[in-house]
Amino acid sequence: MKKFTDRQLMIFEKEVIDCADYVLLLGECLDSDMPCALKNRLILHKEECKTCQKFEKEYKNVISIAKTLKEDYSEKEIPKDTQKRLRSFVKALASN
(Lines give C-alpha, C1' and ligand atoms only; values in the text may rest on other atoms or scores of the structure.)
Protein backbone atom coordinates (compact mmCIF):
# COMPACT_ATOMS: atom_id res chain seq x y z
CA MET A 1 0.00 0.00 0.00
CA LYS A 2 1.38 3.38 -1.03
CA LYS A 3 1.74 6.05 1.59
CA PHE A 4 0.48 9.60 1.22
CA THR A 5 2.93 12.41 0.62
CA ASP A 6 2.20 15.52 2.68
CA ARG A 7 0.65 17.25 -0.35
CA GLN A 8 -1.48 14.23 -1.22
CA LEU A 9 -2.71 13.90 2.35
CA MET A 10 -3.61 17.60 2.51
CA ILE A 11 -5.75 17.23 -0.63
CA PHE A 12 -7.21 13.88 0.43
CA GLU A 13 -8.41 15.39 3.70
CA LYS A 14 -10.35 18.12 1.90
CA GLU A 15 -14.10 17.68 1.79
CA VAL A 16 -14.22 18.45 -1.94
CA ILE A 17 -11.47 17.94 -4.50
CA ASP A 18 -11.43 20.76 -7.04
CA CYS A 19 -9.83 21.34 -10.43
CA ALA A 20 -6.67 22.87 -8.95
CA ASP A 21 -6.16 19.72 -6.87
CA TYR A 22 -6.71 17.55 -9.93
CA VAL A 23 -4.20 19.50 -12.01
CA LEU A 24 -1.66 19.44 -9.18
CA LEU A 25 -1.82 15.66 -8.78
CA LEU A 26 -2.55 14.53 -12.34
CA GLY A 27 0.96 13.32 -13.10
CA GLU A 28 1.09 11.27 -9.91
CA CYS A 29 -2.39 9.93 -10.62
CA LEU A 30 -1.48 8.77 -14.12
CA ASP A 31 1.75 7.22 -12.83
CA SER A 32 -0.22 5.44 -10.07
CA ASP A 33 2.12 7.07 -7.59
CA MET A 34 -0.48 7.56 -4.86
CA PRO A 35 -2.82 5.60 -2.60
CA CYS A 36 -5.87 4.14 -4.35
CA ALA A 37 -8.29 6.08 -2.14
CA LEU A 38 -6.95 9.41 -3.39
CA LYS A 39 -6.71 8.24 -6.99
CA ASN A 40 -10.36 7.16 -6.86
CA ARG A 41 -11.44 10.59 -5.57
CA LEU A 42 -9.49 12.30 -8.36
CA ILE A 43 -11.07 10.00 -10.95
CA LEU A 44 -14.54 10.78 -9.59
CA HIS A 45 -13.84 14.50 -9.87
CA LYS A 46 -12.63 14.11 -13.46
CA GLU A 47 -15.67 12.06 -14.47
CA GLU A 48 -17.91 14.94 -13.39
CA CYS A 49 -15.74 17.78 -14.73
CA LYS A 50 -15.46 18.58 -18.44
CA THR A 51 -12.61 21.04 -17.74
CA CYS A 52 -10.47 18.37 -16.10
CA GLN A 53 -11.32 15.86 -18.81
CA LYS A 54 -10.06 18.35 -21.38
CA PHE A 55 -6.98 19.15 -19.31
CA GLU A 56 -6.08 15.47 -18.95
CA LYS A 57 -6.43 14.93 -22.68
CA GLU A 58 -4.13 17.89 -23.41
CA TYR A 59 -1.70 16.79 -20.68
CA LYS A 60 -1.44 13.32 -22.22
CA ASN A 61 -0.89 14.89 -25.66
CA VAL A 62 1.98 17.01 -24.30
CA ILE A 63 3.54 13.93 -22.65
CA SER A 64 3.22 12.00 -25.90
CA ILE A 65 4.86 14.82 -27.87
CA ALA A 66 7.63 15.10 -25.29
CA LYS A 67 8.32 11.35 -25.53
CA THR A 68 8.47 11.59 -29.31
CA LEU A 69 10.85 14.54 -29.08
CA LYS A 70 13.00 12.65 -26.60
CA GLU A 71 13.21 9.70 -28.99
CA ASP A 72 13.88 11.92 -32.01
CA TYR A 73 16.37 14.17 -30.26
CA SER A 74 17.83 11.92 -27.58
CA GLU A 75 21.35 13.06 -28.44
CA LYS A 76 20.37 16.70 -28.94
CA GLU A 77 19.36 19.35 -26.45
CA ILE A 78 15.99 20.99 -26.96
CA PRO A 79 16.57 24.69 -27.66
CA LYS A 80 15.97 26.98 -24.67
CA ASP A 81 13.26 29.00 -26.47
CA THR A 82 11.38 25.80 -27.29
CA GLN A 83 11.62 24.68 -23.65
CA LYS A 84 10.29 28.07 -22.55
CA ARG A 85 7.35 27.95 -24.98
CA LEU A 86 6.47 24.40 -23.90
CA ARG A 87 6.51 25.41 -20.23
CA SER A 88 4.30 28.42 -21.02
CA PHE A 89 1.88 26.20 -22.93
CA VAL A 90 1.58 23.73 -20.06
CA LYS A 91 1.11 26.56 -17.52
CA ALA A 92 -1.60 28.11 -19.72
CA LEU A 93 -3.42 24.75 -19.86
CA ALA A 94 -3.20 24.45 -16.09
CA SER A 95 -4.71 27.88 -15.55
CA ASN A 96 -7.75 27.20 -17.78
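The values are calculated or read from the model by the stated rules, or taken from the named source; none is laboratory data. Note that the structure is a prediction, hence the values are computed from the model and not measured. Note that we place each Cβ from the backbone using ideal geometry, even for glycine, and neighbour counts take in every protein chain shown.
Restricting attention to segment 77-93, the residues that are of a type in the set (A, V, I, L, M) and under 30 Å from V16 (Cα atoms) total 3.
Summed over segment 12-57, the residues that are of a type in the set (S, T, N, Q) and either touching a Cys at 6+ places or on another chain (Cβ under 9 Å) or closer than 16 Å to S95 by Cβ (or both) give a count of 1. Checked against the criterion of being farther than 24 Å from V16 by Cβ, aliphatic (A, V, I, L, M), outside any helix (DSSP H, G or I) and without any contact (Cβ under 8 Å) to a residue 40 or more places away in the chain, segment 54-76 contains not a single residue that satisfies it.
The set of residues in segment 1-40 being surrounded by fewer than 18 Cβ atoms within 10 Å (Cβ to Cβ), within 15 Å of Q53 (Cβ to Cβ) and modelled with pLDDT of 95 or more consists of D18, C19. Within segment 69-79, one or more residues are surrounded by 14 or more Cβ atoms within 10 Å (Cβ to Cβ) and at pLDDT below 85. For segment 46-58, filtered to residues that are touching a helix residue (DSSP H, G or I) at 6+ places or on another chain (Cβ under 7 Å) and surrounded by fewer than 17 Cβ atoms within 10 Å (Cβ to Cβ), the residue that is modelled with the lowest pLDDT is E58. Taking segment 10-26 as the range and being of a type outside the set (V, I, T) and free of Cβ contacts under 8 Å to residues at least 12 places away in the same chain as the test, the residues that pass are M10, E13, K14, E15, A20. Filtered by the rule that a residue be touching a helix residue (DSSP H, G or I) at 6+ places or on another chain (Cβ under 8 Å), more than 19 Å from S32 (Cβ to Cβ) and in a loop (DSSP other than H, G, I, E, B), segment 4-21 gives K14, D18.
Of the residues making up segment 80-96, just one is of a type in the set (A, V, I, L, M) and touching a residue at least 40 places away in the same chain (Cβ under 8 Å), namely A94.
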